Amino acid sequence: MRTLLPSFLISTALVVAPSPADTPLRGFFPQSVQTQRDLESRFRAMPDGARMKEAMRRLSARPHHVGSPYDKDNAEWILSQFKSYGWDAHIENFDVLFPTPIDRVVELVAPTTFKASLQETALPGDPTSNQQSEQLPSYNAYSIDGDVTGPLVFVNYGIPADYEELEQRGISVKGAIVIAKYGGSWRGIKPKVAAEHGAIGCLIYSDPRDDGYAGGDVFPNGPMRPAQGVQRGSVADMPVYPGDPLTPGVGATKNAKRLPIAEARTITKIPVLPISYGDAQPLLAALGGPIAPASWRGGLPITYRLGAGPARVHLRVKSDWSLKTLYDVIAKLPGTTEADEWVIRGNHHDAWVNGAQDPISGLVAELEEARALGSLYQQGWRPKRTIIYAAWDGEEPGLLGSTEWVEAHADELKTHAVAYLNSDTNSRGYLGIEGSHSLEKFINGVAMDVEDPESGVSSWKRLQSSRIVDGSPEVRRDARERDDLRISALGSGSDYSSFLDHLGIASLNLGYGGEDNGGIYHSIYDDFYWFTHFSDSSFVYERALAQAAGTAVLRLANADLLPFAFTNLSETAQGYVKDLQSLRDKRAEAIAERNRQIEEGRFKFTSDPRDPVTAPQRQTPAPQLNFAPLLNALDSLNHSASRYETAYGRAVSEGRAGVAKGVNERLLQAERALTSTEGLKNRPWYVHMLYAPGFYTGYGVKTIPGVREAIEQGQWQDADREIGRAASALEREATLVSGIASTLSGASQ
């Protein structure tokens, strides 16, 4: 039993960060610990901020979107770097659908006229912002072609709840063009929901309250988005499936069978374009109709109104729908005794324009890890497991490079992959960790051994302190009293998605951030000048990311027993089920109250004649749900996880090498046990029963997604079935973990 400190001693006791020698080194037998510690010390001394700065300067020197000459040039340079570090490296190509714009028009045609510039302004002090002939114009990839004119309606963030608000006000978007703010959900959700409500076109803009001068000085005087800055981005319906729209489920090789473009489910149903807040202001100012609710109003100096009309807008989008070639750079350090087990690490190299922050800030750290690991290899060190490093292409349009590689190598990965470690952007601040909760205990140990460069304490200690200072009472209590800091679940939005969501490979996403206030995301201003003036200008957090991710790779590659832990997983899953029970009860209460208000005529009595509101649609009352299968499965998993942890601790402390190989082979399947070959309803590409991106959130995660979305969307007929499916996944996990625990217990007798 763990002894809890008296409350008056807790804060004092936690002031001193543990030294690396005191922190847990999960998965290593006593005879291996000192060798591993020495190896990690040598590794963490190697990453060099100056080298990473020069690598960023080189990689972000020109626009390098998919299909561009510099994208290929960068891939070949990255390949040469891996080879110079001593890695066995090659480029793997895929041919994917990647539309690029031919024609873009946004113009106000009534009651006055205005034509949007759709052009970001080159700035004299920013040397790469003037590379206009090489830059992708501002657009949304995978918007269908279209030429439409209609009344304009302001839909706030364009999420389902916003349309419910409009409906109550008697405002329809049928036959209209909607204008939505970036934020509130992933951008691809906005045209999807708009089309579901009958809109014929969609504009998306960055409001300065969210992403401009309200947050600080605008670039180049500060880090925030200037008036003509535009956020590019994909609007493919990635919650259905990511990757090449024409080859779902299979790698997009030259001879792959492809869908006709008209049959690709992830291409939008209506044309979409992103615009700047400079271009959005005249459109919004021309709107009539009711004043927007207070929570909808942004930072522009106008009265925000809803429409529809009198503003009418003409929107035209036309793209080149040809295939483009991807260049995935794949590098390998072969393992020794466990060479058929693979530890995989990745970050993408393509960008929407120059992409110094997104993605080069993460990529240069990965390259520096590879250099350090290669140096250790050349000095005689050999990993037990094979290490694979990847620099993915095509992440920005829809996780193309990683998804196609995973789909092409699915059978091998299911057999050999231990874990996937991802990074993307990186900046100053706190270590952010998301991922599989079977790796939560492991990654906490890594965070304890990597120093935060600004505070001088461990990255773990600084993250813990931020939660104690800024967190809710529950978060503060957790941070002080729980052995491990909680990590967030993964949704989608970066290259871990296909590994975790599609194949059930345990995954982590790592990156520092939280202190930079920036508004240059996916614009021409995300470049070397911006990063070195307003982000990690000394590259100390680049070095910290290389140390953290590289240490994690070293431990996974060298561990005697793979460092998975299932007590954290079972505890977290228990929290998810409690959330689902609470969600059902809150939904039931809200539906009952709303239906009662409708029956009593309350909306008619409270409606302002000058700003009328109609009653919403009556909803089906929420039935009781049978959570017993989930609760029973959790009991099984809790018991198995506890047995496993006891047996694991004994086997490690006793250095039982004889059992390690067989146990490790079974541990590889632990995350796979949480998947279902049937996949999620209406999107079978996603097979993980515990984590998935939300159908109406995009990047944002939905935990136990089948059950949660059935409750949220009022699809009560599906809820009990989804409870059963999730329970079966947890029972499979419990059975596997229990079997491994029995093996370890037998070995420890």
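Side notes on the structure shown:
- Volume in Å³ per residue [convex hull over Cα atoms, computed for the stretch 561-650]: 124 Å³
- Per residue, in Å², the accessible surface of the chain once ligands and nucleic acids are set aside, probe 1.4 Å: 36 Å²
- The string of couplings for the stretch 323-333 from the Karplus curve (6.51, -1.76, 1.60, θ = phi - 60°) is 7, 10, 8, 9, 10, 7, 9, 10, 10, 9, 10 Hz, one whole number per residue in order, with x for Gly and Pro.
- Within the stretch 71-125, the proportion of C-alpha pairs whose separation exceeds 14 Å stands at 75%.
- Among residues other than Pro616 with Cβ under 14 Å from its Cβ, the summed charge is -1 (Lys and Arg +1, Asp and Glu -1).
- Multiplying the residue separation of Ala590 and Ala339 by 0.36 nm and removing their Cα-Cα distance gives an extension gain of 84.8 nm.
- Relative contact order (percent, whole number), the chain, Cα cutoff 8 Å, 6+ residue spacing: 18 percent
- For the stretch 520-598, the convex hull drawn through the C-alpha positions has a volume of 193 cubic angstrom per residue.
- Helix-only [θ]222 nm of the chain, DSSP H runs n ≥ 4, -39500 (n - 2.57) each, per residue, nearest 500: -12000 deg cm²/dmol
- Less than 5 angstrom separates the built amide H of Ala141 from those of Gly233, Ser234, Val235, all sequence-distant by 5 or more or on a different chain.
- For Met46, Met238, the ranking by accessible surface with the largest value first comes to Met46, Met238, using a 1.4 Å probe.
- In this label model, Asp611 and Gln31 are separated by 7.6 nm, measuring between points 7 Å along each Cα→Cβ vector.
- The slack between Gln619 and Ser582, meaning 0.36 nm per residue of separation minus the straight C-alpha distance, is 11.4 nm.
- Each Lys or Arg adds one and each Asp or Glu takes one away; over the other residues whose Cβ falls under 9 Å from the Cβ of Ala559, this sums to +3.
- Over 19 Å (Cα to Cα) - which of Lys586/Lys702; Lys254/Lys332; Lys332/Lys384; Lys72/Lys324; Lys257/Lys318; Lys578/Lys702 fall in this group: Lys254/Lys332; Lys257/Lys318
- In the stretch 366-501, the ratio of gyration radius to Kirkwood radius, Rg to Rh, stands at 1.00 when only Cα atoms are counted.
- In order along the stretch 150-165, phi translates into HN-Hα couplings of x, x, 9, 10, 8, 10, 6, 8, x, 9, x, 4, 5, 6, 5, 4 Hz, rounded to whole numbers, per the Karplus curve 6.51 cos²θ - 1.76 cosθ + 1.60 with θ = phi - 60° and x for Gly and Pro.
- Nearest-10 value in Å² for the accessible area of Phe566, using the 1.4 Å probe: 0 Å²
- Around the amide H of Gly514, modelled in the peptide plane, lie the amide H atoms of Tyr430, all under 5 Å away and 5 or more residues distant in sequence or on another chain.
- Taking every Cα-Cα distance in the stretch 178-248 and sorting them into 10 Å bins from zero, the calculated P(r) comes out as 18, 38, 29, 13, 1 percent.
- Percent carbon-and-sulfur accessible area, the chain, ignoring ligands, DNA and RNA, probe 1.4 Å: 51 percent
- Hull-based mean projected area of the stretch 186-324, where the convex hull spans the alpha carbons, in square nanometres: 10.6 nm²
- Taking the square roots of 5 times each eigenvalue of the Cα gyration tensor of the stretch 120-233, largest first, gives ellipsoid semi-axes of 30, 17, 10 Å.
- Each Lys or Arg adds one and each Asp or Glu takes one away; over the other residues whose Cβ falls under 11 Å from the Cβ of Tyr304, this sums to +3.
- Amide hydrogen neighbours beyond the local backbone of Glu451, cut-off 5 Å, H modeled: Ser459
- Whole-Hz ³J(HN,Hα) from phi, Karplus 6.51 cos²θ - 1.76 cosθ + 1.60, for the stretch 280-291, glycine and proline x: 6, 4, x, 5, 5, 5, 7, 6, x, x, x, 5
- Taking the Cα centre of the chain as reference, the dipole from Cβ charges on Lys and Arg (+1) and Asp and Glu (-1) amounts to some 860 debye.
- The packing ranking, built from the mean of other Cβ atoms within 10 Å per residue, places the peptides 604-614, 641-651 in the order 641-651, 604-614, highest first.
- Area projected by the alpha carbon convex hull of the stretch 666-749, averaged over all directions, nm²: 6.2 nm²
- Legend: calculated FRET efficiency, Val540 to His90, from the Cβ-Cβ distance at R0 = 35 Å, rounded to 0.05, equals 0.60.
- In terms of packing, defined here as the mean over residues of other Cβ atoms within 10 angstrom, the peptides 305-318, 464-477 line up highest first as 305-318, 464-477.
- With N the number of residues in the chain, Rg(Cα) / (2.2 N^0.38 Å) evaluates to 0.96.
The values are calculated or read from the model by the stated rules, or taken from the named source; none is laboratory data. From a predicted model like this one, the values you see are computed outputs, not experimental measurements. Cβ atoms come from the backbone with ideal geometry, glycine included; neighbour counts cover every protein chain shown. All accessible areas refer to the heavy atoms of the entire protein, side chains included, with ligands and DNA or RNA removed. Shrake-Rupley method; radii C 1.70, N 1.55, O 1.52, S 1.80 Å.
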